[in-house]
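Structure first, then comments.
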Amino acid sequence: VIRTLAEYTGRAPQDLGAISDFNTAISDCRLQELPFSGSSYTWSGVRAGTRIWKRLDRALVNQQWLDFQPNTFVQHLNRTSSDHSPLLVSMRPASASVPKPFKFQTFWTSNPGFISAVQGNWELPTQGYGMYRLAFKLKRLKTWLRHWSKHQFGDIFQAARQHEIEVQHLEVLYEANPTEEAREALHCAQGHLLQSLRVQEEY
C-alpha cells in the first residue's frame, strides 16, 4: 500500500480506502518515516500489460528511536535480483556537532512583525501531500525561525556576557563615586542583565 498518490506512477486506479487506512495505522502507532535518498519508487511491476512503479518499502520509527539515534536515514538501492529496492538504513552516533532540538522561544512574540512573518513563511509554495507536506513546512519554518531570531535578537549569550561586563564596570564606578546618577546607571544595567539572563534561560 502506498501513502499518497504521489508514490505511484501508472494507469491502474488506486484504493483510496487502503491508503487512508495505512496512514491511520501509522498515525495511531505514532510512527514517522525516516528521510531517504535515491529513487522515489521502491517497487516496479507489470499490471494489465503496462509497467507501474510504487513506493512500497519504507522505514518507520517511533520518537524513542529518534531520541536514541537522531541521525538515521535510508538509502533506496538499485533493484537487482528482486522487483523491490533494498533499503539501506544508516545510523550515525549523536555527537556534539548535532544541532539542538528546536525550541519555541516566547520572547519571539515580542517582535511586532512575528506573526505576519511566520504566516508568510508558512504560506510559501510546498510540494507533496498530507503529512509529508506538513513535515516539510515545519522543517522549513524551524530553519527560518533560527535565522530570523539571530537577525532580530542577535546572539543572546553574547548579549548576556556584554551586560555582565557592563554591570561590573558600573559597579566599580559607583563604588568609587556613589552619586545618584551612577546608581541609576548601575540599576539600569542590572535590569538589562536580568532580562538577557531570562531570555537565555528560556532558550
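Here are some notes:
- Odd one out for Ala48, checked against (1) at pLDDT 85 or above; (2) of a type in the set (A, V, I, L, M); (3) loosely packed, with under 10 Cβ neighbours inside 10 Å: (1)
- Scanning segment 40-55 for residues that are touching a residue at least 24 places away in the same chain (Cβ under 8 Å) and either part of a loop (DSSP other than H, G, I, E, B) or of a type in the set (Lys, Arg) (or both) turns up Ser40, Tyr41, Thr42, Arg47, Ala48, Arg51, Lys54, Arg55.
- Among the residues making up segment 11-47, those that are of a type in the set (Val, Ile, Thr) and more than 16 Å from Ala135 (Cβ to Cβ) are Ile19, Thr24, Thr42, Val46.
- Criterion applied to Ser37, Ser85 was being within 21 Å of Gln127 (Cα to Cα), among the polar types (S, T, N, Q) and either touching a residue at least 12 places away in the same chain (Cβ under 8 Å) or surrounded by fewer than 11 Cβ atoms within 10 Å (Cβ to Cβ) (or both), and the one residue passing it is Ser37.
One line per residue, one yes/no per condition, for (1) over 22 Å from Lys142 (Cα atoms); (2) touching a strand residue (DSSP E or B) at 6+ places or on another chain (Cβ under 6 Å):
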{"position": "Phe36", "(1), (2)": "no, yes"}
{"position": "Gln63", "(1), (2)": "no, no"}
{"position": "Asp67", "(1), (2)": "no, no"}
{"position": "Leu87", "(1), (2)": "yes, yes"}
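- Pair list, Cβ under 6 Å, 6 or more apart: segment 1-23 residue under 16 Å from Leu60 (Cα atoms), other residue open to solvent by 60 Å² or more (accessible area, probe 1.4 Å): Thr4/Tyr129; Phe22/Val1
- For segment 1-34, a residue qualifies if it is touching a strand residue (DSSP E or B) at 6+ places or on another chain (Cβ under 7 Å), open to solvent by 50 Å² or more (accessible area, probe 1.4 Å) and in a loop (DSSP other than H, G, I, E, B), and the qualifying residues are Arg11, Leu31.
The values are calculated or read from the model by the stated rules, or taken from the named source; none is laboratory data. Everything numeric in this text was worked out from a predicted model, so none of it was measured. Neighbour counts are summed over all protein chains in view; Cβ atoms, including those assigned to glycine, are modelled from backbone coordinates with ideal geometry. Protein only, heavy atoms only, side chains kept; ligands, DNA and RNA dropped before computing areas. Shrake-Rupley method; radii C 1.70, N 1.55, O 1.52, S 1.80 Å.
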